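A short write-up of the structure that comes next.
The values are calculated or read from the model by the stated rules, or taken from the named source; none is laboratory data. Keep in mind it's a predicted model, so treat the numbers as computed, not measured. Cβ coordinates were reconstructed from backbone atoms using ideal geometry, including for glycine residues, and neighbour counts include every protein chain displayed.
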Amino acid sequence: MPALVLLGAQWGDEGKGKATDLLGGSVDYVVRYQGGNNAGHTVVVGDQKYALHLLPSGILSPNCVPVIGNGVVVDPAVLLTELRGLQERGVDTSRLLISGNAHLITPYHQTLDKVTERFLGKRRIGTTGRGIGPSYADKINRVGIRVQDLFDESILRQKVEAALHDKNQILVKLFNRRAIGVDEVVGEYLGYADRIREYVADTTLILNDALDQGKVVLLEGGQGTLLDVDHGTYPFVTSSNPTAGGACTGSGIGPTKISRVIGILKAYTTRVGAGPFPTELLDADGDALRTIGGERGVTTGRDRRCGWFDAVIARYATRVNGLTDFFLTKLDVLTGWEQIPVCVAYDVDGQRVEELPHNQSDFHHAKPIYETLPGWNEDITGAKSFSDLPKNAQAYVRALEEMSGAPISAIGVGPGRTETIEINSFL
Ligand code: GDP
Ligand code: IMO
Ligand code: MG
């Protein structure tokens with residue numbers, strides 16, 4: 001069993017943290033391959049609840065090496081705060097490895113993220129304001145600062161100077177903000193260097209050596225397929241590739257090493273931030289999903305937009321990621337509905353379409369076409385096997401599987417590690 005990828009099949013917050021943590025005990029490495037502290041992954045272990053933003057969820061499994069891959073953008077202040085928070089709770093964080101090629105988020109990225117959003121007004125993306133987009137923009141523009149630059153003061157200074165040259169013009173002249181001083185940034189970031197140095201490594205080499213030795217590597221995505229900058233609902237996306245291809249570029253592991261791609265799929269749909277969402281419910285059912293599902297952002301505390309399951313999205317996720325399996329989460333949240341609508345296709349300007357519209361305007365016009373499935377009332381949180389589920393819950397899962405194009409190999413029936421029905425083993 002070489003490398004596996006675990007990623008969000010919808011708009012994020014599908015339960016990736018829980019699924020990763022569940023597998024964490026059986027794999028040797030867990031690697032974050034993109035995104036940054038825009039992510040919020042909740043892991044519940046016994047009576048302890050952890051909210052992870054930048055650190056891979058594998059950090060909670062004592063025998064697993066957590067890795068921040070080259071594709072991640074790292075805010076060093078957040079990294080150190082998150083590490084300290086875990087250390088204070090008795091978690092051993094000493095195994096962490098960070099790629100020297102990962103890019104840094106700096107204060108000017110955060111400022112630019114926030115002022116750009118404000119400037120966009122009604123057209124804003126609804127970003128998390130963590131500087132993710134501006135940091136990736138600098139990476140692609142070849143003016144980014146990498147983790148390894150922290151260890152050479154003169155290189156760090158040169159790069160910060162070059163980056164601020166344009167940015168200060170933009171901040172001052174376009175956005176009427178104060179200029180950010182080179183010394184201010186360099187001073188602050190040099191202060192992080194010694195605290196981060198011990199974790200920095202050639203992670204690509206280490207991971208490939210580990211695979212050669214037969215170790216198991218789990219690549220953990222942040223965000224989700226529909227937030228992918230290439231395959232998502234652009235421009236209402238994040239600035240990286242959460243889809244399966246991103247796992248290769250963001251870790252330095254080649255596609256031939258990946259044997260399984262697991263899509264985490266919520267039994268209904270949620271989205272945070274702006275952008276199209278065909279099955280969104282702006283009624284009492286939407287409120288009920290939000291309340292029962294605890295659908296409030298882990299990172300920004302914003303209420304999540306909620307809606308019924310969308311099989312068009314799920315099929316799309318199967319296609320663009322080459323999914324081999326689904327991990328269906330939060331089935332327990334649907335307990336108590338008499339009827340559960342599921343979106344099977346869209347009506348786009350009077351035409352029935354079965355696949356995600358290629359044209360963005362068509363997607364904005366898409367109206368869900370629903371099939372209604374019968375609900376169940378029995379408490380399912382204690383279910384340990386598929387046959388423990390009520391017949392209607394079984395039928396709901398089977399229907400989703402049929403519509404979504406890949407086998408459902410696990411089902412979440414509660415937030416805890418053990419509240420999972422395993423159907424096919426992932427390992
Ligand atoms: P992530 O970003 O994909 O890791 O997901 P989040 O942690 O942002 O949101 C998922 C939420 O659902 C968290 O509060 C999890 O504890 C919770 N959760 C995960 N799986 C299940 C499940 O099967 N049932 C219930 N009730 N909650 C779950
Ligand atoms: P996890 O890993 C849900 C959304 C933001 C916004 C858009 C762009 O917990 O699933 P960004 O700050 O990335 O530039 O914001 O992406 N977004 C998420 N939504 N879950 C996440 O992460 C998200 N990370 C970013 O709300 O719409
Ligand atoms: Mg989340």
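Counting only residues that are within 16 Å of ligand 3 (Cβ to nearest atom) and in contact (Cβ under 8 Å) with a residue 12 or more places away in the chain, give me the strands (runs of 3 or more DSSP E) lying completely in the stretch 197-272 with at least 2 of them.
Where strands (runs of 3 or more DSSP E) fall fully within the stretch 197-272 and carry at least 2 residues being within 16 Å of ligand 3 (Cβ to nearest atom) and in contact (Cβ under 8 Å) with a residue 12 or more places away in the chain, they are 258-266, 269-271.
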Surrounded by fewer than 24 Cβ atoms within 10 Å (Cβ to Cβ), among the hydroxyl-bearing types (S, T, Y) and within 10 Å of ligand 1 (Cβ to nearest atom) - does that describe any residue in the stretch 53-76? no
Output the number of the condition that Q48 fails; it satisfies all remaining conditions of (1) surrounded by fewer than 24 Cβ atoms within 10 Å (Cβ to Cβ); (2) under 21 Å from R305 (Cα atoms); (3) more than 10 Å from ligand 1 (Cβ to nearest atom). (2)
Lone unmet requirement of (1) hydrophobic (A, V, I, L, M, F, W, C); (2) under 25 Å from V272 (Cβ atoms); (3) more than 12 Å from ligand 2 (Cβ to nearest atom); (4) at pLDDT 95 or above for L96: (2)
Could you pull out the residue among D362, D388 that is touching a residue at least 24 places away in the same chain (Cβ under 8 Å) and of a type in the set (D, E)? D388
Would a scan of the stretch 8-26 turn up a residue that is within 24 Å of R142 (Cα to Cα), within 16 Å of ligand 1 (Cβ to nearest atom) and either without any contact (Cβ under 8 Å) to a residue 60 or more places away in the chain or out of contact with any strand residue (DSSP E or B) (no Cβ under 7 Å at 6 or more places or on another chain) (or both)? no
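Would you confirm whether or not the stretch 344-359 contains a residue that is touching a residue at least 60 places away in the same chain (Cβ under 8 Å), in the same structural domain as G17 (by TED's automatic domain parsing) and among the hydrophobic types (A, V, I, L, M, F, W, C)?
no
Here are V320, V298, V312, V333: which of them is within 16 Å of ligand 2 (Cβ to nearest atom) and either under 17 Å from the mean Cα position of the chain (by Cα) or at pLDDT 95 or above (or both)?
V298
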Among the residues of the stretch 9-37, the number that are under 26 Å from V333 (Cβ atoms), among the small types (G, A, S) and within 16 Å of ligand 3 (Cβ to nearest atom) is 6
